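Input: a single structure, listed below in structure tokens.
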Amino acid sequence: MTRLSVNINKIATLRNARGGNTPNVCEAAVNCERFGAEGITVHPRPDERHIRYQDVRDLKPLVTTEFNIEGYPSQDFIDLVLEVKPEQVTLVPDPPEAITSNAGWDTVKNKDLLIGIISQFKAAGIRTSIFVDTNLANVEGAVATGTDRIELYTEPYATEYPEDKEAAIRPFVTAAKRAHELGLEINAGHDLSLENLQYFYQEIPNLAEVSIGHALISDALYFGLENTVQMYKKCLK
Ligand SMILES: CC(=O)[C@@H](O)[C@H](O)COP(=O)(O)O
Ligand SMILES: NCC(=O)COP(=O)(O)O
């Protein structure tokens, strides 16, 4: 079974636009789970442009499926994750000025950094995942970091899909097969949508979880959040 983890960053984007508490981020998370989400993902960025550190603290007692906190492993981020103790932490190499996540880790160059950070989270009983592209050197390099999972960075797939879906999926199948051979569990995310999700799910073996936010929350503006969560779940059958 592939779990759908809904990334609620963009609920917080809308809330922050007016400075109040509407839409309520915690209420949205609880409802996403009620509508069928099997996880809630948040990505507190250094500038707190959407999800704030306090949102992460407020969400922890409310999330009853799996709580996944994504982010760059600054000391503030590490401290927050160790304080909150989610089911999973996903490390991304995003610089503070990044508009969004746009690359995976160079797991060879960052091996020692990742080993030190991942060991802290694992000692706290938190499952770890690291964002990687389909370069096999980075997939193979992930093993040495001690991470439990990789998260395949799927923006290149989403970009190429409309032109040539067979070409788009090919590197991801290769990377997923190699990761499984190495004993890594496999997550995926970034720019997955109602257009491209089902094919990705059908072609990628041993896919444990997809985390989806931007497209799903955008679709909810037209179809409603309950309908939309269930439409995405149907793509994972
Ligand atoms: C790692 C990943 O792909 C998502 O967390 C993405 O970074 C969402 O971040 P934004 O919602 O800030 O675009
Ligand atoms: N890890 C990917 C994620 O959480 C959501 O990415 P996106 O669907 O907002 O592009």
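The values are calculated or read from the model by the stated rules, or taken from the named source; none is laboratory data. Values in this document were obtained by computation on a predicted structure and should not be read as measured data. For neighbour counting, all protein chains shown are included, and Cβ atoms are generated from backbone atoms with ideal geometry for every residue, glycine included. Please note that ligands, DNA and RNA were not included when accessible areas were found on the heavy atoms of the full protein model with its side chains. Shrake-Rupley method; radii C 1.70, N 1.55, O 1.52, S 1.80 Å.
Some observations on this one:
- Note that the range 126-140 has calculated 3J(HN,Hα) couplings of 9, 5, 10, 9, 10, 6, 9, 8, 8, 4, 4, 4, 6, 5, 5 Hz, one per residue in order, obtained from phi through the Karplus relation 6.51 cos²θ - 1.76 cosθ + 1.60 (θ = phi - 60°); glycine and proline are x.
- The Rg/Rh ratio of the range 3-234, with both radii computed over alpha carbons and Rh defined as the Kirkwood radius, is 0.94.
- For Asn7, the residues whose modelled amide H falls within less than 5 Å of its own, excluding neighbours fewer than 5 places apart on the same chain, are Thr41, Ile212, Gly213.
- Ordering Val92, Phe77, Gly116 by Cα displacement along the dipole of the range 42-129 toward the positive end leaves Gly116 in first place; charges were set at the Cβ atoms of Lys, Arg (+1) and Asp, Glu (-1).
- Sequence of Asp133, Asp94 when ordered by accessible area, the most exposed leading, probe 1.4 angstrom: Asp133, Asp94
- Unit charges on C-beta of K, R, D, E only; dipole of the range 3-234, Debye: 440
- Rounded to the nearest whole Hz, the Karplus-based 3J(HN,Hα) values (6.51 cos²θ - 1.76 cosθ + 1.60, θ = phi - 60°) of the range 89-94 follow the sequence 10, 10, 8, 10, x, 4, with x at glycine and proline.
- The residues of the range 3-234 expose on average 43 square angstrom of accessible surface per residue, using a 1.4 Å probe on protein heavy atoms.
- Among the protein heavy atoms of the chain, carbon and sulfur supply 50% of the accessible surface, probe 1.4 Å, non-protein parts ignored.
- Protection proxy ranking, peptides 145-151, 213-219, average beta carbon neighbours within 10 Å, highest first: 145-151, 213-219
- Per-peptide packing, taken as the mean over residues of other Cβ atoms within 10 Å, places 202-210, 58-66 in the sequence 202-210, 58-66 from highest down.
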